[in-house]
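The values are calculated or read from the model by the stated rules, or taken from the named source; none is laboratory data. Source: prediction; values computed, not measured. Neighbour counts run over all protein chains shown; Cβ positions are idealised from the backbone, glycine included. Side chains are part of the model used for accessible areas, which takes the heavy atoms of the whole protein and leaves out ligands, DNA and RNA. Shrake-Rupley method; radii C 1.70, N 1.55, O 1.52, S 1.80 Å.
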Amino acid sequence: ASGSQFIKHKASGSQYAEQKALGSQFVNQEASGSQYAELGGPAWVNEDPTHSVFSLTRDRGLICWAQEINRPMLCVLTKDGRQLDEKFVSSALRFCAHTERDTQILASQPRGRSSLSFSDYMRVRRGHLMAGVKKHEQGDLTSAVRSIASVWRFASGDSHGDMAADLRGQHAVGPADISIAHDIEIPSEEASPSLKSFRKFSSGFRFEHMSRLRRFSIGTTSNLCSSLMKKFPPHMVRFRQRVCHIDWFKFSNKTVREGVVPEVTITCDNGKVYHAHHVIMAVPLGHLKTFSNELFRPALPQSKLAAIDKMGVGTVSKILLYYKSPCWLAPFHLIWPGRTPEDTGFVADSLSSRCLQFLTLADSPHVLELTLLGDIPARAAVDDAHVAQEVSDILGHLSSRQALMWRCKPVPPPDKIVRSDWGSNPLYQGSHPYIRRGCDSENTEHLVSPVTFRGRPVLQFAGDFTWPDLSRLMHGARSSGLREAARLELL
Ligand SMILES: Cc1cc2nc3c(=O)[nH]c(=O)nc-3n(C[C@H](O)[C@H](O)[C@H](O)COP(=O)(O)OP(=O)(O)OC[C@H]3O[C@@H](n4cnc5c(N)ncnc54)[C@H](O)[C@@H]3O)c2cc1C
């Protein structure tokens, strides 16, 4: 996404892409015949003219909507598979949207009035949530909040639970946490993170937008990429070439004194070597975190390495389950919080230990899309048949509680599965960048700023993670590509 925008501006540049096509994270998957689904970024967007990917797609006449987040389809389950009453789901949705709105408002208040801590704010909010709710219903309401809040974790990719925004406290909503406290003591700024820090770290996804999100039809984002690339000669993108080394040691005063114009040397895994005056790296953050030490010669400046290190990368995995014919009666969107160590049959690190989201796809009616937090073990360790069996067991467990309207019970095993490998794939090493606790605006500056020589950029950095307000979103990636292109145009 960021790479193609760079080329748009600098027609003399080249792009080195490891994969066979642009649009890496949103590749199409074809099972058989006309059954398509997308493994990666499915492009949930708001129909909003300020959303650059939306407007680019619309202007090219490429938009075809597949579906929107549809409340009647939303089915939230308890961990034992019982469907939660709609009134709890509505309260939980309202609760999440209100906490989000309040934190925005409170964080923008003058210092002093906004020094309320997250935990104290959440304590009061939960108190309000539970007020008037019968004691025996409080557990269900808590489950609903936990499941709905986890939707936010899918959007943020926070599979490790160490994200700055978990200061909202949504990850720890349990009955023990709920106390009705109307009188709160306002702690000092040092005592606990203030609401101000939340504002700085919130990005991208908003609950208030949830009901307005719509999904592009399969292939729309790939078509957009192809459309953007059509104007340029094909040799400008060199596919299937993984960049292994970027040598920039010639950028020294000594070289210049010798009258040599310094260049960066780029070496790819097929042995090909290229030279350039400027390099824009638009590889995923996970790849950079793992390989920056061997990629750059000499090493990147310490401040850049530290900034990369401080950022977090989580993984959201996708499994597409293909059935000969749909085994469900009506479309659904299901959220299951997963099992916990106290549950019988719990296997640590199994798929059933994660929060899962199942979605039927309007434009691929035979496909069930499963999204989960964290990585799926690599194929070498756990084969497709094992994963398919595990998913069938989960569906069997859920359908046994009549949580869903299944056409057939037990739910048959899928005919085929396709799974992502973003966590273990060396080119990604994670799918969702996020701002970890301890990051601040200085960190962002170090992350984004180019490595320069005599005031000119030599190594530049783009990609969704370098656009803090919209990290992990396509339009953030696009904006970052434009930013780096503009930097060169200013020279
Ligand atoms: C499950 C999922 C759902 C998503 N849903 C949405 C959504 O609904 N809406 C939205 O806006 N965004 C969504 N996204 C996010 C969106 O896909 C990303 O923000 C976007 O793809 C990032 O673009 P990028 O150019 O920064 O990086 P990428 O798309 O990751 O591209 C980086 C490229 O660098 C290549 N590469 C890595 N190392 C090397 C190397 N050494 N040499 C050469 N090439 C290399 C990789 O192969 C890859 O092709 C989703 C992502 C995922 C995983």
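Miscellaneous remarks
- For region 316-419, accessible area per residue (1.4 Å probe, heavy atoms of protein chains only), Å²: 42 Å²
- Measuring nothing but protein heavy atoms, the accessible surface of region 316-419 at 1.4 Å probe radius is 58 percent carbon and sulfur.
- Projecting label points 7 angstrom from Cα along Cα→Cβ for Met73 and Asp349 puts them 3.4 nm apart.
- Normalised by the number of residues in region 421-479, the average gap of Cα pairs under 8 Å and 6 or more apart makes the relative contact order 23 percent.
- Over all Cα atoms in region 316-419, the spread is summed up by Rg and Dmax: 13.1, 39 Å.
- Residue pairs, from the table Lys254/Lys304; Lys250/Lys289; Lys79/Lys409; Lys318/Lys409, whose Cα atoms sit over 26 Å apart: none
- Once C-alpha pairs closer than 8 Å and six or more residues apart are averaged by separation and normalised to the residue number of region 316-419, the relative contact order reads 39 percent.
- Estimated FRET transfer efficiency when R0 is 25 angstrom, pair Arg58-Leu490 (beta carbons, to 0.05): 0.25
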